[in-house]
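Peer 1: Supplied in structure tokens, the structure appears directly below.
The values are calculated or read from the model by the stated rules, or taken from the named source; none is laboratory data. Predicted, not measured: the structure shown is a model, and the values here were computed from it. All Cβ positions, glycine included, derive from the backbone under ideal geometry; neighbour counts span all protein chains shown. For the accessible areas, the whole protein counts, side chains as well, though only heavy atoms, and no ligand, DNA or RNA atoms are used. Shrake-Rupley method; radii C 1.70, N 1.55, O 1.52, S 1.80 Å.
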Amino acid sequence: MTEHIVSSQAYAKAVLHCAKYPWATVHGLFLTEHQDGKTRYVDAIPLAHTWPQLTPMFDVAVQQASIYAQSKQLSIGGYYVAYEDPTDVQLSASSALLATALLAAGDRVVAFVIDAQQLTPESTRPGLIPFIGGDSQWKEQPGAFGEGKGSAFR
């Protein structure tokens, strides 16, 4: 099992994008580096807070992000979404389509839903819920950020 590590910078950018537009569904990409059997999410690129479905604008944004990632020897390895309803923590059909489009372009993509209810000083859990794609479905990885060596995400 590949270990996934989300950097403070990537996490902060995604969370701040969510915080800037709390009334809207926001989307973005995580840039990754792969080495030593680990996937490190090192940066985030906020994409939009207006369109929640696959559009030509999404394609253009992904192409530009891909060019930028390559210039930094990184790749697009993740997609994040935060919904306008803070209680919504499932990957919607339209978000799954966006993540699947990324999966078709790359080999390893994880979709993350930002759990706004966990973005409080009192929370002890991360505000990201990872979903792994495969067999045309995205499956939540419950407890993925759990403690200990058995955890795939940290």
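Peer 1: Assign unit charges at the C-beta atoms only (+1 for Lys and Arg, -1 for Asp and Glu), then state the dipole size of the chain relative to its Cα centre in Debye, rounded to the nearest 20.
Peer 2: The dipole of the chain has a size of about 320 debye.
Peer 1: Here is a follow-up. For the chain, how many pairs of lysine residues have a Cα-Cα distance under 29 Å, where the two are 8 or more positions apart or belong to different chains?
Peer 2: 10
Peer 1: How large a share of the accessible area of the range 13-73, in percent, is made up of carbon and sulfur atoms when the probe is 1.4 Å and the other protein chains stay in place?
Peer 2: With neighbouring chains kept in place, the figure for the range 13-73 is 57 percent.
Peer 1: With a ≥ b ≥ c taken as the square roots of the eigenvalues of the C-alpha gyration tensor of the chain, please select rounded if a/c is under 1.5 and otherwise prolate if a/b is larger than b/c or oblate if it is not?
Peer 2: It comes out rounded by the Cα gyration axes.
Peer 1: Please give, to one decimal in nm, the separation of the simple spin-label points placed at TYR68 and ILE5, each 7 Å out from Cα toward the Cβ.
Peer 2: 2.3 nm
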